[in-house]
């Protein structure tokens with residue numbers, strides 16, 4: 001179950017110095033096949049000032065293990081698609097909110113955000129700018145839509161194994177690319 005190395009490491013960690021402000025009681029865990037393990041249970045019977053409590057807490061935090069950071073893990077397709085789904089959802093809803101507020105405030109500031117004005121302004125742009133703007137709007141919309149359909153498929157209990165998750169991920173990327181290019185050049 002546990003190796004002797006695990007218990008030796010635990011014993012070494014438990015034998016570290018505890019702040020003199022803490023009176024510690026030792027709790028001993030024994031087992032018939034493993035060496036004894038001790039750990040300190042910090043208790044105090046004296047009143048501690050706020051500054052002393054803060055220094056005790058800081059000392060205890062230095063002894064805690066550090067969680068691994070994302071940089072030690074190999075990036076995976078599922079990470080990227082999950083993050084992109086959240087980002088595109090925020091971008092789409094944020095864009096709708098900003099436009100709605102601008103549309104409501106436009107008469108106050110003398111701006112013209114009617115459909116005819118926006119269509120005329122968009123029509124006067126060069127072709128490359130039109131394609132770029134349409135692609136910038138179509139990409140988050142199509143990705144979020146296709147990934148939403150993927151999640152609906154998962155809700156039925158299908159394609160939840162690793163192979164299915166990756167297969168549907170690549171399908172989402174392919175459909176996103178095709179539909180973005182189609183909508184940008186339409």
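Quick note: the coordinates plus some simple rules give every number you see, no bench work behind them. Small disclaimer: the values here were computed from a predicted structure and weren't measured. All Cβ positions, glycine included, derive from the backbone under ideal geometry; neighbour counts span all protein chains shown.
Using mean Cβ contacts within 10 Å as the protection proxy, how do 164-172, 78-86, 109-117 order, highest first?
On the way: 164-172: 16.1, 78-86: 14.1, 109-117: 9.8.
My ranking of the peptides, most packed first, is 164-172, 78-86, 109-117.
Among 62-72, 129-139, the peptide with the highest mean count of other Cβ atoms within 10 Å heads the list, and the full ranking is 129-139, 62-72.
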